[in-house]
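Only one structure is covered here, and it is reproduced in the block below.
The values are calculated or read from the model by the stated rules, or taken from the named source; none is laboratory data. The structure displayed is predicted, hence computed values, not measured ones. Note that each Cβ is placed from the backbone with ideal geometry, even for glycine, and that neighbours are counted across all protein chains shown. Quick note on the areas: whole protein, heavy atoms, side chains included, nothing else; ligands and nucleic acids left out. Shrake-Rupley method; radii C 1.70, N 1.55, O 1.52, S 1.80 Å.
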Amino acid sequence: QVCVLPPRARAPALTSGPSEQPPPSASMEFACAEGACALVDESSAGQRLQAFARRAFREQLGRGGGHLHGSCKHAARDEESRGGLRVNGRPCQGRTVLRAGDLVTLLDTQENGGDAAARSACGTGRARMDYGAAARPGAEGEVAEAPATQKVDFGPTSAAEAFGRYYRSQHLCPEEEWASAEAAFERPLALCLRLNASASASGLALGELRAHFGARLRRVPWADSAWRLEASEASTAECGIGDDGERVTSLLLHAQSCGELALQEAAAMLPALALRPKLGHAVLDLCAAPGGKTLQMLDMMLSSPSSSSSQEGRANDEASGSAHTSEALKTTLLVSNDLERQRQERTLRRSHGLFCAPLVVTCGDASTFRLRVGRQDRPGEEELLRFDRVLCDVPCGGDGTLRKSPDKLLRWTARTGLRNHGTQLRILRNGLELLKPGGLLVYSTCSLDPVQNEAVVRAALEVENQVRGASASAPPRYRLLPPEEALPEVVTKALRFDPGVPTWHVPHPDYVNNGILYSRWSDVPAELRGGCPTVDLAGASPERCGVAAEGRGPRRGGKEEEECRLAASMFPAEPGPGGPRASHCPLESCIRLLPTHDDCGGFFVAVLQRCGDGLEEEDVDHGSRCADDRNGLLGETCTWLQPPDDAVRGELVDFFGLGEDARARSLATTARGAAGQPVLLSLVPALALRLRRPEAALGAAAPSLVGVGLPVFCRMPPGAEWWPPEAPWRICQEGATFLVEAGATRRVLRCPSSQVACELLGRRSTPLARLRELLGPEDLASCGCDDKLVPGAAILALPPLVGVAAAGELQTEAGAPAVAALLDASGLVLLADGDILECYARRYGGC
């Protein structure tokens, strides 16, 4: 007895309201008995079905055959051919143009993400994600060669030979250590995962994986939440997980969907560990996509004690006992920004496995990024938002990732670092400007190149400390922290790394062919010098930016080749009476990881701190009146987010029986319909409600809002025949557990036992008669089932999870999850993603 929802009718168009920017892409996706669903918003209108499906259903399409990330393009084409993609309930061709308000469904069939996706993903170079390659047959029945066996070849090809020659000349480490590093680059990168400490059931996920891998799954000694899968001699794939790839991939997918763990390289965890964000901090990730470090910082904030300085604030946090209800969340903010909107939409979807209320996801230029907030002491005025922590994980050449992407060696060129240097310097200088006094900034890359690392750090510090008028005797505005001060003690004791280099060589743009290196700016010929003014680091105006100019050279092979120029900011400091103050920029305090240090990839980290207890007078933002504040009172058009009106709030309180805690929290409208009515309400920090709508600055477009907060309520379109129109608000799966913890008293169905939970999760759609047999009369009465059924959204509150933890002992405090559902005359239909339901069902009884 399975309840199949009827075809969907077209929903009304979504508009962005008073803003000219695209509307937020906050979660409009959900699951039902037919499969995964996505509502087309205004920013996606005009896209073709195949392109939209690849983005909205990336995780579902890119799996199968032991893969986590297969080819979504080929899988979407296969789904179209078999009629697996529906628009408003009807099969459509992949070239169908979508309109705002259309409802796209990916049917839940056994073919989804199957062999086609697996075959298309073979040989893509994503070796660490290819778990089942050793067990998959090839096209003609032979065992397919695992991409994990691809090796870096430092042979006599021009790019590979130039790579080795270039870095040997830079003396990043002793010569014998570099030889070992080249050998280490030839080994595939081992699988590494990070447990989310804020997820109460993460221990259960670890226990399941350790039961499968045993001693091969080992803790990373310098990161408590990180685990690495050691290679097995019996495994055909060098870093694979053996012949049971399908089962273990399923475990990983389920745990990721439930927010219990994330796949992340160990070296990439270092920036967040250096920043140590906490509850109560305002944190900015300037170059966030695809979001791994953003989610790591979010998890650290949710699992950390409050940074509140007041005794009352700390007492409230201790009394609450849960990060979901912590008083410190009102002032906690995590802004995740990147230039590519589609990648940020994926960051937003990945965050929904966690309690993402503090998260604001934006799309903007990192070198000019600014946000302003309304002043609490002066109503009607706004000021620049500054942050306690800033992460600048800037775009780079990525030659430290050769173990993951060996094909990068074939394309290596010195031009990459020269082109990136100017952008990296602008991003770092902007990040420093956005720091609060006493705040920390981490500059990081996955490149080995000093031009992209030490040169950028030195130039930024010298410009900010010296060009802005500080005398030689004055204390610096920013300082570079030594590793023992920048990193947690456990990291400095357990992780070996090389210091930064104080001197280096800058390559000729055509270094691969001519091998020319320059040690001083004065040695560079005039024709190679940048076309824009370069900074005199002994003293100059802040407008004279020391960055490389980029021009366009002649076409070669039908492609435009960028003509890279050199700039003074790329070179080491030159000693002299007017030279830079080396004590303020000890580049040996930077941190460089090589594959010889911790079986990881290449990585670079520098930790900087803004000195002083307050802002200098030139940096004080005395506030400005909002352009839309014509009557002296802030209007809705001046703010990015608005709370729902009293009518909507009252409707939700009455229907769901929201308690005092839920009513006191900051709900904001994060998407609107054609008539301007709210269609998505999310839980956001109070600080987010003070964010002002940004304006274009410094010649760059204003940042746009991709999504914000924890989705809680979504208004279903009136044309959806399968949803009762008298109760239009659907509960988002992301907010179901929060509503139960916040004390909702109506529409909550509580499972009395694990056996009942397992049956309901396995069915996914339970007839009303059977539901009456399984659940208590009190819960059914809260939904009107004792007299006359009131159809609409409901929450299935599951019992606390109990399972075997990593060390084999019984774990009883694993939390009590909840599932969003629809309850009507046909019964109960669960609306959570299939991965989540399968994971819970396995945990409750193995069904």
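Numerical summary
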quantity: Rule-of-thumb Rg ratio for region 157-216 [Cα; 2.2 N^0.38 Å; N residues]; calculated: 1.85
quantity: Sites R770 and A51 - FRET efficiency at Förster radius 35 Å, r taken between beta-carbons, to 0.05; calculated: 0.25
quantity: Cα centroid separation, region 404-421 to region 665-681 (Å); calculated: 44
quantity: For region 395-407, Karplus couplings with θ = phi - 60° (6.51, -1.76, 1.60), whole Hz, Gly/Pro x; calculated: x, 8, x, x, 6, x, 9, 4, 5, 8, 10, x, 5
quantity: Per residue solvent-accessible surface (Å²) - region 727-771, probe of 1.4 Å; calculated: 33
quantity: Whole-Å semi-axes of the ellipsoid equivalent to region 366-517 (Cα gyration tensor, √5λ, descending); calculated: 32, 19, 18
quantity: Cross-link pairs beyond the 25 Å C-alpha cut-off, checked among K293/K493; K408/K493; K404/K436; K278/K493; K330/K493; calculated: K408/K493; K404/K436; K330/K493
quantity: Gain in span if fully extended, E778 to D646, counting 0.36 nm per residue against the direct Cα distance; calculated: 44.6 nm
